[in-house]
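Following: one structure in structure tokens, then a few remarks.
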Amino acid sequence: MASKPSIPKGTRDFSPSEVAKRQYIIQIIKSNFEKFGFQPIETPSFENSDTLMGKYGEEGDRLIFKILNSGDYLAKANVTHLVNKDSTKLTSSISEKALRYDLTVPFARYVVQHQNEIEFPFKRYQIQPVWRADRPQKGRFREFFQCDADVVGSKSLWQEVELVQLYDTVFTTLGLEGVTIKINNRKILSGIAEVIGASDKLIDFTVALDKLDKIGEDGVKKEMIEKGIEEDAITKVQPLFNFTGSISEKIEKLSDLLSASNEGMKGVEELRFICDNVAKLGLSSAILDLDVTLARGLNYYTGAIFEVAPPKSVAMGSIGGGGRYDDLTGIFGLKNMSGVGISFGLDRIYLVIDELNLFPETVTATSKAMFINYGDNEALYAMQAIQKLRASGIKVELYPDNAKVAKQFQHAVKRGIPYAVIIGAQEMETNSYSLKNLSSGEQLLLDFEQLKLALL
């Protein structure tokens, strides 16, 4: 007996109604990307392994899905590593490609490859799936979409100001009010590490600090100690664990803490510029907050870093994030090309909107009306009307079989189609259509223009 079919953990099938809701979110994000001047590109689902490896830190590298070489991949395998069962070293000889982990590194590769065709500053958006070999849980999948907007070729901090506005505009349009856009700066984190004498442990320090909301203060301190950061250094950053006040108050506290660090003070001034101008311009529904524990453990961020938290009434991880990366394209040979970008987490945004019942009732994958099939003559008459209605952008369909009328009505109800169009001898003689509301049972006799208006 055949085994029951299944899909890999961390992946999902989507029903017609789910796809319609996802497309609703994507369309709002896409339209606002374009409103802000971003242009679309697409890159392959998989890249050469050396394009991706080493760009996300040690933790990120472990989550990259590797693709086995085609054919007899063991023929070129390193025998020593194979015999020793050293999978880490063996991988490079049996796998030359990998599924993309995010859209930012492939974008950097794209910019370098196409630099002679691009007009800088280049504002691009990209909406495609990515893959991570993570442990699946609520809101965390192994295959998911990212919706990215990036600008390369400009160091202007007005780009960061605009990206905060872009987040606010998209979430306001989605009706998702009360999201918190958290902002920090990697230069501040570098300055803190410098001030406490742990500059050589910067990555370990930031990766641990980034987990504060997940493992708590004690968990972060324990991880820092395990990574070799001295206890007296951790004591010096104690104020970071309870960093409160308004944005301006927090910036002043950071100025005092980092006065001895040139790098740290650069970060403070960058934050001051961004936050002051966002405050002057105003936000529609989002809240901007300076979160000094925000580290985002990715190696390539060099300036501002962002993370978006959903409304407090929803238990969910971040629904967006990003930052500035001054030297990302330098990894691929193109120096002095600063960039900054943000990402929207489509799948988590969907879950949040769904939990808060914010999807409009009009978001549906079903037809507006179904024409009942009474036979070939009636079906032809119906198809002539259907053709014109579709040309006007109205979703309608004909029940394909001349089945029992009750069965046809039942099918429409099960599909969630709100109207049925009935065409019998009387309707054909008078060049009219009977429109039935399947919820109320109300039925109207209409001419074509009236039918069209009723279904718009």
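For segment 307-456, what number results from the quotient of the Cα radius of gyration and 2.2 N^0.38 Å? Could the numbers behind the result be given before it?
Values: Rg = 24.7 Å, N = 150, 2.2 N^0.38 = 14.8 Å.
That ratio works out to 1.68.
Mind jotting down the three principal axis lengths of segment 26-87 based on Cα atoms? Whole angstrom, largest first.
The principal-axis extents, from largest down, are 56, 28, 17 Å.
Which pairs break 32 Å Cα to Cα here: LYS66/LYS236; LYS312/LYS335; LYS21/LYS182; LYS21/LYS187; LYS97/LYS182; LYS66/LYS211? Could the numbers behind the result be given before it?
Details: LYS66/LYS236 41 Å; LYS312/LYS335 41 Å; LYS21/LYS182 27 Å; LYS21/LYS187 39 Å; LYS97/LYS182 34 Å; LYS66/LYS211 27 Å.
As for pairs spanning more than 32 Å Cα to Cα, those are LYS66/LYS236; LYS312/LYS335; LYS21/LYS187; LYS97/LYS182.
Which value results for Rg/Rh of segment 100-148 when Rg is the Cα radius of gyration and Rh the Kirkwood radius based on the inverse mean 1/r?
Ratio value, two decimals: 1.11.
Apply the Debye scattering formula to segment 136-189, with a single equal point scatterer on each alpha-carbon and no solvent, then give log10 I(q)/I(0) at q = 0.24, 0.26 Å⁻¹.
-1.12, -1.13
Binning at 5 angstrom from zero up to the longest distance, how are the C-alpha pair distances of segment 146-281 distributed in percent?
Each 5 Å bin holds this share of Cα pairs: 2, 9, 17, 19, 18, 16, 11, 7, 2, 0.
Note the angle between two axes, namely the Cα long axis of helix 405-415 and the longest principal axis of the Cα atoms of the chain, as a number of degrees from 0 to 90, rounded to the nearest 10.
Tilt relative to the chain: about 10 degrees.
Accessible area per residue of the chain at 1.4 Å probe, in Å²?
50 Å²
Taking +1 at the Cβ of each Lys and Arg and -1 at the Cβ of each Asp and Glu, which of SER70, VAL161, GLN137 sits farthest along the dipole of the chain towards its positive end, judged by Cα position relative to the Cα centre?
SER70
Please report the projected area of segment 42-182's Cα convex hull averaged over all directions, in nm².
Hull-based average projected area comes out at 11.7 nm².
With 30 Å as the limit, write out which pairs from LYS155/LYS222; LYS222/LYS253; LYS221/LYS250 have Cα-Cα distances beyond it, or answer none.
Values: LYS155/LYS222 37 Å; LYS222/LYS253 25 Å; LYS221/LYS250 22 Å.
Correct reply: LYS155/LYS222.
Report, in degrees rounded to the nearest 10, the 0 to 90 angle that the Cα long axis of helix 158-173 makes with the longest principal axis of the chain.
With both axes taken from Cα atoms, the answer is about 40 degrees.
Can you find, among ILE342, GLN23, THR11, the residue farthest towards the positive end of the dipole of the chain? Put +1 on the C-beta of Lys and Arg, -1 on that of Asp and Glu.
THR11
What does the convex hull of the Cα atoms come to per residue for segment 397-456, in Å³? Don't skip to the answer; put the middle values down first.
On the way: hull volume 5.6 nm³, N = 60.
Here the figure is 93 Å³ per residue.
What are the aspartates and glutamates whose alpha-carbon lies under 15 Å from the alpha-carbon of LYS266, with same-chain residues fewer than 8 places away excluded?
Counting by Cα, and skipping residues close in sequence, LYS266 has these aspartates and glutamates nearby: GLU194, GLU252, ASP256, ASP326.
Based on Cα positions only, what radius of gyration and what Dmax would you give for segment 323-372, in angstroms?
Cα radius of gyration and Dmax of segment 323-372 are 21.1, 65 Å respectively.
What is the mean projected area of the alpha carbon convex hull for segment 199-256, to one decimal in square nanometres?
4.2 nm²
On a C-alpha basis, how far is the centre of segment 302-380 from the centre of segment 90-157 in Å? Whole number, if you could?
If you average the Cα positions of each part, the centres end up 16 Å apart.
Please provide three numbers in whole Å: the alpha-carbon extents of segment 195-346 along the principal axes, with the largest listed first.
45, 43, 33
Expressed as a whole percentage, what fraction of the accessible surface of segment 1-101 belongs to carbon and sulfur atoms when a 1.4 Å probe is rolled over the protein heavy atoms?
Here carbon and sulfur together make up 54 percent of the probe-accessible area.
Near LYS76, which aspartates and glutamates are there with a Cα under 12 Å away, not counting those fewer than 8 places off in the same chain?
GLU96
Would you please name the GluC sites (Glu not before Pro) within segment 362-456 that are DSSP coil residues with at most 14 other C-beta atoms within 10 Å of their C-beta?
Taking segment 362-456 and a limit of 14 other Cβ atoms within 10 Å, the loop GluC sites (Glu not before Pro) found are GLU442.
Under a straight-distance cross-link criterion of Cα-Cα below 19 Å, which lysines are reachable from LYS404, leaving out those fewer than 8 residues away in the same chain?
LYS414, LYS436
Once neighbouring chains are kept in place and the probe is 1.4 Å, which whole percent of the accessible area of segment 339-387 is contributed by carbon and sulfur?
Numbers: 1000 of 2070 Å².
Carbon-and-sulfur percentage of accessible area, whole number: 48.
Would you mind listing how long the chain runs along its three principal axes, going by Cα atoms, in whole Å with the largest first?
90, 63, 48
With a cap of 16 neighbouring Cβ atoms within 10 Å, and only residues DSSP puts in a loop, list the trypsin sites (Lys or Arg not before Pro) found in segment 1-89. Spell out each step's value before the answer.
On the way: sites: LYS9, ARG12, LYS21, ARG22, LYS30, LYS35, LYS55, ARG62, LYS66, LYS76, LYS85, LYS89; in loops: LYS9, ARG12, LYS55, LYS85.
Those satisfying the criteria are LYS9, ARG12, LYS85.
The values are calculated or read from the model by the stated rules, or taken from the named source; none is laboratory data. Just so you know, these numbers come straight off a predicted model, no measurement behind them. Glycine also receives a Cβ, built like all others from the backbone with ideal geometry; neighbour counts cover every protein chain displayed. Keep in mind that these areas ignore ligands, DNA and RNA; they rest on the heavy atoms of the full protein, side chains included. Shrake-Rupley method; radii C 1.70, N 1.55, O 1.52, S 1.80 Å.
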